[in-house]
1. Return the total of residues in segment 59-86 being closer than 17 Å to Glu115 by Cβ and either among the hydroxyl-bearing types (Ser, Thr, Tyr) or modelled with pLDDT of 90 or more (or both).
2. Run Glu80 past the list (1) among the acidic types (Asp, Glu); (2) more than 15 Å from Phe6 (Cα to Cα); (3) touching a residue at least 60 places away in the same chain (Cβ under 8 Å) and report the number of the one that doesn't hold.
3. State whether the residues of segment 54-72 include one that is among the β-branched types (Val, Ile, Thr) and either in contact with a Phe, Trp or Tyr (Cβ under 8 Å, 6 or more places away or on another chain) or part of a loop (DSSP other than H, G, I, E, B) (or both).
4. Give the residues of segment 43-56 that are touching a residue at least 40 places away in the same chain (Cβ under 8 Å) and surrounded by fewer than 21 Cβ atoms within 10 Å (Cβ to Cβ), sorted by residue number.
5. For the list (1) surrounded by 17 or more Cβ atoms within 10 Å (Cβ to Cβ); (2) in contact with a Pro (Cβ under 8 Å, 6 or more places away or on another chain); (3) not acidic (Asp, Glu), I need the number of the one condition that Met1 fails.
6. Specify the residue that is nearest to Val18 (Cα to Cα); the eligible residues are those in segment 76-106 that are part of a strand (DSSP E or B) and β-branched (Val, Ile, Thr).
7. May I ask you to list the residues in segment 4-34 that are in contact with a strand residue (DSSP E or B) (Cβ under 6 Å, 6 or more places away or on another chain) and loosely packed, with under 15 Cβ neighbours inside 10 Å?
8. Just for segment 19-53: of the residues that are closer than 16 Å to Arg85 by Cα and assigned to a helix (DSSP H, G or I), which one is modelled with the highest pLDDT?
Amino acid sequence: MLTRIFYVSEIAPGVTDVDMQVVLGIAQVNNRRLDVTGMLVQSDGHFAQVLEGRAHVVAALMDRIRADARHVGVRVLLEEPIVTRQFARWAMGLVRRDDMVEQMRLLHRDGCADEAKARALIASLMTH
């Protein structure tokens, strides 16, 4: 069974753009191997990420992300079974969205109780 997880987290102090490029490169290699697709969005201060793949694989990735010192306060906004991947061609993409700094801060602080709103947020974060 496939699953999709959408989460936000605060970027830990000291994480640089070089760190992000290294993480992206490693994630692309590992995600291809694990058959995980998705998108990482970075704003000034927060990450938002969508991960898609087999449920047990995505759950193990989330455990690693929660333990990763580059993330502070991982907050899952949506977790759902899926039939079709939204990011089927992307082992992992990275988009910088500094126009959404405040929205991502509020998502991290308040969460998102409405699944339809969370899906719309995924679409808005990924639209460039």
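1. Here the count works out to 10.
2. Glu80 satisfies every listed condition except (2).
3. Taking every residue of segment 54-72 in turn, at least one turns out to be among the β-branched types (Val, Ile, Thr) and either in contact with a Phe, Trp or Tyr (Cβ under 8 Å, 6 or more places away or on another chain) or part of a loop (DSSP other than H, G, I, E, B) (or both).
4. Asp44, Gly45, Arg54, Ala55
5. All conditions are met except number (1).
6. Val95
7. Ala12
8. Checking each candidate, the answer is Leu34.
The values are calculated or read from the model by the stated rules, or taken from the named source; none is laboratory data. Because the structure is a prediction, the values reported are computed rather than measured. Cβ sites come from the backbone with ideal geometry, for glycine too, and all protein chains shown count toward neighbours.
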